[in-house]
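The values are calculated or read from the model by the stated rules, or taken from the named source; none is laboratory data. Since the model is a prediction, treat every value here as computed from it, not as a measurement. Note that we place each Cβ from the backbone using ideal geometry, even for glycine, and neighbour counts take in every protein chain shown. These accessible areas exclude ligands, DNA and RNA; they are computed on the full protein's heavy atoms, side chains included. Shrake-Rupley method; radii C 1.70, N 1.55, O 1.52, S 1.80 Å.
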Amino acid sequence: MNNEEKADSLESKDIPSTEIESKVDATKLPEAAPEDTNPSVPPTAEKPEGVETIEQPTDASKSPPLSVEAAERTVEVVPLVTVEPVLVKKHQSFLKEQPLPTIEMAPRVLRYRTRREVLAFGIGAVATAAGAAFLLPQNTLRRLGVSRSMDSPEKEWFLNTAVRIDDDVAEALYSRNRMVPTYTKSQITPLKNNYNGATPEPGYISAWNLTLDGLDSGMSVSLDIRNLLTRFSVHEQITRLVCVEGWSAVAWWAGLRFDDLLRAYPPMSQAKWALVESSVNLDASGNPDPYFMSLDLGTAGHPQTLLATHFNGQPLTVEHGAPLRLLVPVKLGLKNVKAITKITYSAEEPRDYWAERGYSRYDGI
C-alpha cells in the first residue's frame, strides 16, 4: 500500500460517514420533547416538592399497569355506593307540622297509611253530610229524599247566631272612607229586572211622593220627584250591584246622595236607623205586598249611597224602581229598595222584610 492509500484509509476511520452518523443519532435517547408521548425507555425526572408519585397497582397476574385513558374510563364505571339517609333533628315549633321521619317507606307501611287516610276521609264526608242535613231547610231535605223533620229550636238558634256573627263582622269593618270599586262605561253589563214579586203598573208614578217621618223637627214632610231634582245636586257613579242570589251587574246610576237628604231634613237626635218602604210593591200574584227594609244611618250617610233617579243616563223605568230607588253599593241587592214611598227614622232597629224570613239584617259586602 502506498502512502496515499494509507492516508485515505486513515481518513475513513477517523471521520465517520453521514450514514453512520444518522444511525448513531437514531439510537440516542430523546430529551423528553413535548411531542414525544411514547418513549421507548421512560425518562427519569425529578419529582417536584409537594407532589406525590402515584404508582400504578399491578394485579396478581403481573399484568402491566393501565394507561391514563384506561384509568379514567375505569373511574367512570365504578358503581355508586348506596348511602343511607341521615336524619338531622331540627327544633320544631309546637304549632308547626312535624315532617315525616323518612322520605322512603316500605310498601306495607304505605298501604297501611293509604287505608287509614281513606278511612279518615270517609268519616269526614259522613260528618259533613250529617251537618248539612242538620242545617239545610226542610224543603231542601225533602227534595233530597229526607222525609224526617230536621227543624228544631237548636237549629234555628245556631243559624241565627251564625248570621249574627257575620253581621257583626261586616258592621265592624264598615267605614265611610272605604269605597267600593267604580267602573267605566265600557264595563257596564246588563241589569235584569229583579223585582220582589210582580212588576207594578206605571199608573202610580203620576201621584207618587216621598214621605219623611221621625225628623228632628217633629213634622212629617212630603216631597215629589220635582222637589228632589231641583233642590239637590245629582251625582253619577258606575258601581256593581251584588244580588244575594249570586249574580251581579255593573250599572250607571245618577241621583241625590242620601247624606244630602239627611242634612236637609235631619232625623231626630237619637235616631240610628231608617225604615225604607215601598207601598207599591206586589207579590208574585200581583197583589199588594208592601216591601220594607232596615238601614243603619251610618250606611245611609256613605258617600256612595244614592237615592237614584236615573239609570244609564235616562230616568228610571218602572222595572228599575221609578221614580226613586235606593242604591247601596256596600250592601247586598235586597237592601236596594225600588219605588221608595216612605222613610222613617228611629232609635231602635225597625222591621226588615227578609230578616223576618230568616235572612241577615245587616247584609254588608
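A few notes on this one:
- Looking across L332, L297, one residue alone is aliphatic (A, V, I, L, M) and touching a helix residue (DSSP H, G or I) at 6+ places or on another chain (Cβ under 8 Å). It is L297.
- Test: residue in segment 187-198 that is under 24 Å from Y353 (Cβ atoms), surrounded by 12 or more Cβ atoms within 10 Å (Cβ to Cβ), in contact (Cβ under 8 Å) with a residue 12 or more places away in the chain and in contact with a Pro (Cβ under 6 Å, 6 or more places away or on another chain): no
- The residue of segment 330-365 that is farthest from V318 (Cα to Cα), among those that are in a loop (DSSP other than H, G, I, E, B) and among the hydrophobic types (A, V, I, L, M, F, W, C), is A347.
- Just one of the listed residues (L297, L282, L324) is free of Cβ contacts under 8 Å to residues at least 60 places away in the same chain and open to solvent by less than 40 Å² (accessible area, probe 1.4 Å), namely L297.
- Conditions (1) open to solvent by 20 Å² or more (accessible area, probe 1.4 Å); (2) assigned to a strand (DSSP E or B): number failed by P303: (2)
- The listed residue being touching a residue at least 12 places away in the same chain (Cβ under 8 Å), in contact with a strand residue (DSSP E or B) (Cβ under 8 Å, 6 or more places away or on another chain) and open to solvent by 20 Å² or more (accessible area, probe 1.4 Å), out of P329, P290, P315: P290
- Residues that are among the β-branched types (V, I, T), over 22 Å from P315 (Cβ atoms) and modelled with pLDDT under 95 are absent from segment 215-228 altogether.
- Among the residues of segment 261-288, those that are among the hydroxyl-bearing types (S, T, Y) and under 29 Å from S233 (Cβ atoms) comprise Y265, S269, S278, S279.
- In segment 205-279, counting only strands (runs of 3 or more DSSP E) that sit wholly within it, the ones holding 3 or more residues that are within 28 Å of M179 (Cα to Cα) and either open to solvent by less than 30 Å² (accessible area, probe 1.4 Å) or without any contact (Cβ under 8 Å) to a residue 60 or more places away in the chain (or both) span 235-242, 248-257, 273-278.
- Looking across segment 340-358, just one residue is touching a Leu at 6+ places or on another chain (Cβ under 7 Å) and over 22 Å from M268 (Cβ atoms), and that is W354.
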